[in-house]
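Would you mind keeping the following structure in view while I ask a few things?
Laboratory data are not the source of any read-out in this text; all were calculated from the coordinates shown. Note that this is a predicted model, so its numbers are computed, not measured. With ideal geometry, Cβ positions are generated from the backbone for all residues, glycine too; neighbour counts draw on all protein chains shown.
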Amino acid sequence: MKYRLTWLGHASLHLQIGEYSILVDPYFKGNPAAAAAPETVQADYILVTHGHGDHVGDTVEIAKRCDATVICNAEISHWLKERGVKTHAQHLGGGHTFPFGYVKLTMALHGSGLPDGSYGGNPAGFLITIPPGEKLYLAGDTGLFGDMRLIGEEGLDLAVIPIGDNYTMGPADALRAVKLLQPRVVIPIHYSTWGLIAQDPQAWAALVREQSPAEAVVLQPGESYTRD
Ligand code: NI
Ligand code: MN
């Protein structure tokens, strides 16, 4: 099925799948690369990978205004519910069928403490299967791990992975990740938001094209990749 993925800066994404509008890690306030505003962005569902402020971001405000359901781990779900947000809790390895597709939580090597210091459970990535079977892997914040090979075995149409280094995989490990994941298309995120994670995405994309069959697509914040 056709889908459209828009990079909204840093790790924030918008996915349009059929009639459904899905936000991922909507962090706009305080995000120097933000390509959307929490007051106007639309969402039916919001996926939150982990508890850090640059991922939970404006979730509470947007979810309430849009009456969106937040899909996340049980600990973040509990925290959001206390703030009046509608949630659907899952955990690593568990999947659930939503109107737009089947969402499975995958492991991520990272932390997950919430902005107020509350426990945020384990960090996650998302593997989304869009009927009839197209698979999108959103890695979340993570270091390289060998079990990316298992995720790749599912057959990925698209992988969205961090390349910023310091907090997540850097370009070299992200290149190794592409070789394990073997996606048809890979899109880098979580870089150049701040100087500390400044990277050259075009240089990285050139290495991907040279060393793997994957098509590397570099977006600017606000730009979309459409799968017809
Ligand atoms: Ni993080
Ligand atoms: Mn992050």
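Can you list, bin by bin at 10 Å, the percent of alpha carbon pairs in the chain, starting at 0?
9, 37, 40, 13, 1
Could you list the GluC sites (Glu not before Pro) in the stretch 1-91 that lie in coil according to DSSP, counting only those with at most 15 other Cβ atoms within 10 Å of their Cβ?
Glu19, Glu39
Please name whichever of Asn166, Tyr45, Tyr27 sits farthest to the positive end of the charge dipole of the stretch 3-221, dipole taken about the Cα centre and charges placed at Cβ: Lys and Arg +1, Asp and Glu -1.
Of the options given, the answer is Tyr45.
Per-residue ellipticity at 222 nm for the chain, helices alone: DSSP H runs ≥ 4 residues times -39500 (n - 2.57), over residue total, nearest 500 deg cm²/dmol?
Per the formula, -5500 deg cm²/dmol.
Tell me the chymotrypsin sites (Phe, Trp or Tyr not before Pro) within the stretch 97-180 that lie in a loop according to DSSP and have at most 16 other beta-carbon atoms within 10 Å.
Answer by residue number: Tyr119.
Select from the stretch 37-83 those trypsin sites (Lys or Arg not before Pro) which occupy a DSSP coil region and have at most 15 other Cβ atoms within 10 Å, ordered by residue number.
Sparse-neighbourhood loop trypsin sites (Lys or Arg not before Pro): Arg83.
Looking at the chain, what % of its DSSP beta bridges pair antiparallel, to the nearest 5?
DSSP beta bridges in the chain are roughly 60 percent antiparallel.
I need the phi-derived Karplus couplings for the stretch 143-158: 6.51 cos²θ - 1.76 cosθ + 1.60, θ = phi - 60°, integer Hz, Gly and Pro marked x.
These are the phi-based 3J(HN,Hα) values: x, 5, 9, x, 6, 4, 4, 5, 5, x, 4, 6, x, 9, 6, 9 Hz.
Net charge within 11 Å of Ala37 by Cβ-Cβ distance, Lys/Arg positive one each and Asp/Glu negative one each, not counting Ala37 itself?
So the surrounding residues net to -2.
Determine how many Å³ per residue the convex hull of the Cα atoms of the stretch 43-118 encloses.
82
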